[in-house]
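*Asks:* This structure is in structure tokens; I'll ask about it shortly.
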Amino acid sequence: MSEDIAPHVHFQYADARHQADTAIAGMWLFLATEALFFGGLILAWLSCRHWQQTGFDAGGRETLIAFGTTNLALLITSSFTYSAGLEWIRLGQAKRLMQCCWITAAIGIMFLTLKVVEWYIDISDHLFPSGAFKITGIDEGDARLFWSFYFIATGLHAVHLLTGTCAVAWVAMQARKGAFTSKWYTPVEVTGLYWSFVDIVWIVLYPLIYLIGRGA
Amino acid sequence: MSQAHRQLLLCWIGLLLLAAVQFGCAALRFDRSYRPLLLLPSLIMAALVALQFMRVRHGIAIVRVFAVAGLFWLTILLGLGMMDPMTRAIYPIAAE
């Protein structure tokens, strides 16, 4: 295929679809490694809670469930808006794609803002695992362990979300320049896979952090 | 609105409903040991996101292989990792 017909297709690919399929498969392979990365974190949580249920749950009861639940709804909505944008570019509507991407990026920023406010409240409430700690007595050590998990898990997720927000904003800017058409939108697809994966991570972290310790 | 957009909208509503069910179930009081079952709605939600938003069904064969491989190794990691905690019997120490 000549450069005039398909300027985005590199020489080693048979055609644009072959290149797109390769990029998408590469992203899925990367996401498989990411699943194992977060899997280790989830295993640590399950194992620690199994042996220290009372203290872990005492720590979990101090989390701010309104923030966590709002963020869950926000991320689910963002996956929907981004996927809607992807469908629009399939129909050749680059302007609609750009609008969907900006909404998605705005939701990502809202999530991160809420998360920073939540961290500020948590730390002000003496829930940081080192130094003076809110929970005292027999559960203190295990509750500190829970809050270590909380800050590591939410911190790692926030870094992923920040990366995703930058990628989505880049897609929006490229869409504005007219870089994507109904025939070529591979970066939009690849970015969408990453964004939805970050959504899935929060969907799994949400009950671990906010729900399981409550009501026990 | 295209057929694909309608499907995405339905999926979004379904995800929010599942989140609401999960939130409601968390308010119920049941044994501490069974509370990790609250992860079940999350697993359904994750599957919905993968199938609908990530279009794993429409991907080429190698995409499905990578997705299933990720899931398989995650199961190995969590399954083997939790085997000892789930099966170890704890016996009380006799008072001296």
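The values are calculated or read from the model by the stated rules, or taken from the named source; none is laboratory data. Owing to the predicted nature of the structure, the values given are computational and were not obtained by experimental measurement. All Cβ positions, even for glycine, are placed from backbone atoms using ideal geometry, and neighbour counts span all protein chains on display. For the accessible areas, the whole protein counts, side chains as well, though only heavy atoms, and no ligand, DNA or RNA atoms are used. Shrake-Rupley method; radii C 1.70, N 1.55, O 1.52, S 1.80 Å.
*Asks:* For chain B, I need the span (max minus min coordinate) of the C-alpha atoms along each principal axis, in Å, sorted largest to smallest.
*Replies:* 75, 36, 8
*Asks:* A follow-up question, please. Any idea what the relative contact order of chain A is, in percent, if you count C-alpha pairs under 8 Å spaced at least 6 apart?
*Replies:* Working: 222 pairs, mean separation 71.9, N = 216.
Result for chain A is 33 percent.
*Asks:* Mind checking the dipole of segment B:3-87: about its Cα centre, +1 per Lys or Arg Cβ, -1 per Asp or Glu Cβ, Debye to the nearest 20?
*Replies:* On the way: 7 positive and 2 negative charges, 53 e Å.
So the magnitude is around 260 debye.
*Asks:* Using only helices, what value at 222 nm comes out for chain A when you add -39,500 (n - 2.57) per DSSP H run of length 4 or more and divide by the total residues, to the nearest 500 deg cm²/dmol?
*Replies:* Numbers: 6 runs with 159 residues, N = 216.
So the calculated ellipticity at 222 nm is -26500 deg cm²/dmol.
*Asks:* Relative contact order (percent) for segment B:3-87, with alpha-carbon contacts under 8 angstrom and 6 or more residues of separation?
*Replies:* Values: 22 pairs, mean separation 21.4, N = 85.
After rounding, I find 25 percent.
*Asks:* Dipole of segment A:1-134 (Lys/Arg Cβ +1, Asp/Glu Cβ -1, origin at the Cα centre): which of A:Gly40, A:Met98, A:Ile76 lies farthest to the positive side?
*Replies:* Result: A:Ile76, furthest along the dipole toward the positive end.
*Asks:* Which of the listed residues, B:Ala67, B:Pro36, B:Leu8, is farthest toward the dipole's positive end in segment B:3-87, when Lys, Arg count +1 and Asp, Glu count -1 at the beta-carbon?
*Replies:* Farthest along the dipole direction, towards plus: B:Leu8.
*Asks:* Same structure again: Please state the relative contact order of segment A:71-144 as a whole percent: Cα pairs under 8 Å, 6+ residues apart? Intermediate results must be reported in sequence, preceding the final value.
*Replies:* Details: 48 pairs, mean separation 17.4, N = 74.
Rounded, it is 24 percent for segment A:71-144.
*Asks:* Helix check for chain A. Which DSSP H runs span at least 27 Å along their own axis by Cα, with a mean Kyte-Doolittle hydropathy no less than -0.5? Provide the component values of the computation, followed by the final result.
*Replies:* Working: long enough: A:16-51 (53 Å, 0.70); A:65-90 (38 Å, 0.77); A:94-124 (45 Å, 0.99); A:140-176 (53 Å, 0.66); A:186-206 (30 Å, 1.18).
Helix filter hits for chain A: A:16-51, A:65-90, A:94-124, A:140-176, A:186-206.
*Asks:* May I pose another question? How about segment A:106-177: which trypsin sites (Lys or Arg not before Pro) there are in a DSSP loop, with at most 13 other Cβ atoms within 10 Å of their Cβ?
*Replies:* On the way: sites: A:Lys115, A:Lys134, A:Arg144, A:Arg176, A:Lys177; in loops: A:Lys134, A:Lys177.
Answer by residue number: A:Lys177.
*Asks:* Mean residue ellipticity at 222 nm from the helices of chain B, using -39,500 (n - 2.57) per DSSP H segment of n ≥ 4 over the full residue count, to the nearest 500 deg cm²/dmol?
*Replies:* Mean residue ellipticity at 222 nm (helix-derived): -22000 deg cm²/dmol.
*Asks:* Please enumerate, by chain and number, the lysines with C-alpha under 26 Å from the C-alpha of A:Lys134, excluding those fewer than 8 residues away in the same chain.
*Replies:* A:Lys115
*Asks:* What chymotrypsin sites (Phe, Trp or Tyr not before Pro) does chain B have in DSSP loop regions with at most 16 other beta carbons within 10 Å? Mind dumping the intermediate values first?
*Replies:* Numbers: sites: B:Trp12, B:Phe23, B:Phe30, B:Tyr34, B:Phe53, B:Phe66, B:Phe72, B:Trp73; in loops: B:Phe30.
Hits after loop and neighbour filter: B:Phe30.
*Asks:* Once you order the gyration tensor axes a ≥ b ≥ c over the Cα atoms, which shape class does the protein assembly as shown get: rounded for a/c under 1.5, otherwise prolate or oblate by comparing a/b with b/c? Display every interim value, and only then the final one.
*Replies:* Details: a/c = 2.37, a/b = 1.89, b/c = 1.26.
It is prolate, given that a/c is not under 1.5 and a/b is the larger ratio.
*Asks:* Which order do B:Ile76, A:Ile76 take when ranked by solvent-accessible area (1.4 Å probe, heavy atoms of all protein chains), largest first?
*Replies:* On the way: B:Ile76 65, A:Ile76 0 Å².
The residues order as B:Ile76, A:Ile76, largest area first.
*Asks:* Additional query: Mind checking which lysines have their C-alpha under 29 Å from A:Lys183, skipping anything on the same chain fewer than 8 residues away?
*Replies:* Partners within reach: A:Lys95.
*Asks:* Counting Lys and Arg as +1 and Asp and Glu as -1, each charge on the Cβ, what is the dipole of chain A about the Cα centre in debye, to the nearest 20?
*Replies:* So the magnitude is around 460 debye.
*Asks:* Toward the positive end of the charge dipole of the protein assembly as shown, about the Cα centre and with charges on Cβ (Lys, Arg +1; Asp, Glu -1), which of A:Leu64, A:Ile152, B:Met83 goes farthest?
*Replies:* A:Leu64
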